[in-house]
1. So what is the relative contact order for region 64-164, in percent, with contacts set as C-alpha pairs under 8 Å and at least six apart?
2. In nm, to one decimal, how far is the modelled label at residue 109 from the one at residue 52, with both set 7 Å along Cα→Cβ?
3. Pull out a ≥ b ≥ c, the square roots of the eigenvalues of the alpha-carbon gyration tensor of region 143-192, then state rounded if a/c is under 1.5, prolate if not and a/b is larger than b/c, and oblate in the remaining case.
4. Take every Cα-Cα pair in region 87-135 and report what % of them are more than 19 Å apart.
5. Given charges of +1 on the Cβ of Lys and Arg and -1 on the Cβ of Asp and Glu, with all other atoms neutral, how large is the dipole of the chain about its Cα centre, in debye to the nearest 20?
6. Which label marks the calculated value of log10 I(q)/I(0) by the Debye sum over Cα atoms at q = 0.08, 0.14, 0.15 Å⁻¹, given the options (1) -0.45, -0.86, -0.94; (2) -0.36, -0.88, -0.97; (3) -0.24, -0.75, -0.87?
7. Given points 7 Å out from each Cα along the Cα-Cβ axis, report the residue 31 to residue 9 separation in nanometres with one decimal.
8. Between residue 102 and residue 155, what's the calculated FRET efficiency when r is the beta-carbon distance and R0 is 25 Å? Round to 0.05.
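The values are calculated or read from the model by the stated rules, or taken from the named source; none is laboratory data. Just so it is clear, the structure is predicted and the values come from calculations on it, not from any experiment. FYI the Cβ positions are ideal-geometry reconstructions off the backbone, even for glycines, and counts take in every protein chain you see. For the accessible areas, the whole protein counts, side chains as well, though only heavy atoms, and no ligand, DNA or RNA atoms are used. Shrake-Rupley method; radii C 1.70, N 1.55, O 1.52, S 1.80 Å.
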Amino acid sequence: MQNQQGFQQAYSQNLDNGRYVIEIALDQYSDVFNEWDPAPFKRRDLDPYLQQYLEESSDEIPLRYPLEICFQLPQGFRDRRLEMTVGDGFHNCLTFRLYLLNQEQQRLNRYVFLFVLAGFSLIGSATLFRDRLGETILVSTLLEGVVVSGWVFLWEAVSLIIFKKREIHHRYRSYQRLQQAPIIFAELPPES
């Protein structure tokens, strides 16, 4: 309950739709994107600091709560046409990141399959050949090495499933949530 109150105090809630708002102050529209990326806004990568801030903010707000992203600009600086372009570019970037995470997930699935296959093959081979090759010290040592190698492959598969795939799945859900969040542009309140 303490953690819940913390994020509710840190992020405002849009009472019209119940979404928690991640507010980002901009000096100009180009602040959303990586300044080193020369592509047009619709194809640009996000600013690394903005991306990190969005990921951390998304992690602070539990997944069951929907988000809204509010970019705040200085007074009199808004351009509705440019806002549509920036919004499209923002969503395109996150869609591409989701695609890359999906590709990484598929690659990990292949590795897990290969590691499990290799692990069981090595352990099975060592078991089969143990009876056929006899009990010399050299053969016994080699077969134990094959068994240990098999267990290493199996552990690597388990490690990928438990740690790496879980991390990728979390990042995927976080990006998916950010990609589905409506983007609002607003003017910063005048300084008093």
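1. Worked out over region 64-164, it gives 31 percent.
2. 3.3 nm
3. Prolate, since a/c reaches 1.5 and a/b exceeds b/c.
4. That tail contains 57 percent of the Cα-Cα pairs.
5. The calculation lands at about 920 debye.
6. It is the value labelled (1).
7. Taking the simple label geometry, residue 31 and residue 9 are separated by 2.6 nm.
8. 0.45
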